[in-house]
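So the structure is just underneath, and the comments pick up after that.
The values are calculated or read from the model by the stated rules, or taken from the named source; none is laboratory data. Please read these numbers as outputs of a predicted model, since none were measured by experiment. Here the Cβ positions follow ideal geometry from the backbone for every residue, glycine too, while neighbour counts run over all protein chains shown. SASA here: full protein model, heavy atoms, side chains in, ligands and nucleic acids out. Shrake-Rupley method; radii C 1.70, N 1.55, O 1.52, S 1.80 Å.
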Amino acid sequence: DLATRAAGERLRISEDEWRPSTANDVLALDVVRAFVDSVLPDVLKEGDVKVFTTLDLTAQRAADRAVIRHAQALGRNIQGALVAMDPQTGDIRAVVGGRRTLRGGFNRAYQARRQPGSAFKPFVYAAALGSGLSPATVVDDEPIELDMGHGQLWQPANFDDSYMGRVTFRRALAHSLNAATIRVSRAVGEGRVIDVARRNGIRSPLRAVPAIALGAIEVTPLELVTAYVPFANGGARVTPRLVRRIEAPD
């Protein structure tokens, strides 16, 4: 009977999925609503309210399409996130929290902490340059073995298990060489690497362990993009901004 069939069905969670309803709607509108609610609770329920964002409509539409297209190409359950920022001002031009948006749901651009991997390596070399070394400084890119204590050895390898011998910092970063980067990080100190990442805008917890050189820590996409901005604008740190102003009748 109906009850028996229902008992054998898999439970599904009902989700309030939001999709763009007009040509000007974009997936970022939910994160804008969430921000406005956080600074002015219930103001959006009052009716005649204008919210001026930093978003670029053309860029946002392209970002929405890119995340959806690439996530679908990789697999049904694959998710994604994207943040595009003006490096001069910190204004967010496009933000995608996932391949679909749920009202008040989990926004991966702001909340999902994942290991950045090799995307963290520029902070290692920035720390080295800040300590007086140069892009022409030479480092060994050979197999490396680290004693982690308690009888444990760590042997981080290069991506394709090939090594380039003596290389400059510039070449080591350009080729994303793991062994060379570990040596640079050990030489300048993981604490100094963390200091650089913090000054650039990383706020998530960071531990001074050898694996931090290879991005074995967790950060959000927004943090990582914000921390890259000083590399693009001459060293100035910015504060991310999504909303320029909010206007209500009063």
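Filter the stretch 150-185 down to the residues that are modelled with pLDDT under 95 and in contact with a strand residue (DSSP E or B) (Cβ under 7 Å, 6 or more places away or on another chain) and list them by number. Within the stretch 150-185, LEU153, TRP154 qualify.
Residues in the stretch 190-197: is at least one of a type in the set (Val, Ile, Thr) and over 25 Å from THR137 (Cα atoms)? Even if it seems obvious, please write down each step before you answer.
At the first step, the residues of the stretch 190-197 found to be of a type in the set (Val, Ile, Thr) are 193-194, 196.
Right, trim to over 25 Å from THR137 (Cα atoms) and you get none.
Among the residues of the stretch 190-197, not one is of a type in the set (Val, Ile, Thr) and over 25 Å from THR137 (Cα atoms), which makes the answer no.
Taking the criterion of being within 12 Å of ILE246 (Cα to Cα) and open to solvent by 90 Å² or more (accessible area, probe 1.4 Å), the residues of the stretch 38-52 that qualify are ASP48, LYS50.
I'm checking my understanding of the structure. Among residues of the stretch 207-224 that are within 23 Å of ALA81 (Cα to Cα) and not in a helix (DSSP H, G or I), which one is most open to solvent (accessible area, probe 1.4 Å)? Spell out how you get there, then give the answer.
Quick first cut of the stretch 207-224, residues within 23 Å of ALA81 (Cα to Cα) only: 212, 214-224.
Among the residues that remain, those that are also not in a helix (DSSP H, G or I) are: 215-220.
On the way: GLY215: 0, ALA216: 44, ILE217: 15, GLU218: 99, VAL219: 7, THR220: 9 Å².
For the stretch 207-224, the residue satisfying everything is GLU218.
Is there a residue being open to solvent by 70 Å² or more (accessible area, probe 1.4 Å), free of Cβ contacts under 8 Å to residues at least 12 places away in the same chain and of a type outside the set (S, T, N, Q) anywhere in the stretch 59-67? Yes, because at least one residue in the stretch 59-67 is open to solvent by 70 Å² or more (accessible area, probe 1.4 Å), free of Cβ contacts under 8 Å to residues at least 12 places away in the same chain and of a type outside the set (S, T, N, Q). Take ALA23 and decide whether it is open to solvent by 70 Å² or more (accessible area, probe 1.4 Å), at pLDDT 85 or above and of a type in the set (Gly, Ala, Ser). So ALA23 fails the test. Any residue at all in the stretch 154-176 that's touching a Pro at 6+ places or on another chain (Cβ under 7 Å), over 20 Å from ASN200 (Cα atoms), β-branched (Val, Ile, Thr) and in contact (Cβ under 8 Å) with a residue 24 or more places away in the chain? Checked the stretch 154-176: at least one residue is touching a Pro at 6+ places or on another chain (Cβ under 7 Å), over 20 Å from ASN200 (Cα atoms), β-branched (Val, Ile, Thr) and in contact (Cβ under 8 Å) with a residue 24 or more places away in the chain. Residues that are part of a loop (DSSP other than H, G, I, E, B), exposed (fewer than 13 other Cβ atoms within 10 Å of the Cβ) and out of contact with any Gly (no Cβ under 8 Å at 6 or more places or on another chain): does the stretch 227-234 have at least one? For the stretch 227-234, residues part of a loop (DSSP other than H, G, I, E, B), exposed (fewer than 13 other Cβ atoms within 10 Å of the Cβ) and out of contact with any Gly (no Cβ under 8 Å at 6 or more places or on another chain): present.
Put simply, of SER185, SER204, SER176 the only residue that is within 26 Å of VAL138 (Cβ to Cβ), of a type in the set (S, T, N, Q) and part of a loop (DSSP other than H, G, I, E, B) is SER176. Quick check, is ALA127 within 17 Å of ILE182 (Cα to Cα), assigned to a loop (DSSP other than H, G, I, E, B) and open to solvent by less than 80 Å² (accessible area, probe 1.4 Å)? Considered against the rule, which asks whether it is within 17 Å of ILE182 (Cα to Cα), assigned to a loop (DSSP other than H, G, I, E, B) and open to solvent by less than 80 Å² (accessible area, probe 1.4 Å), ALA127 comes out as no.
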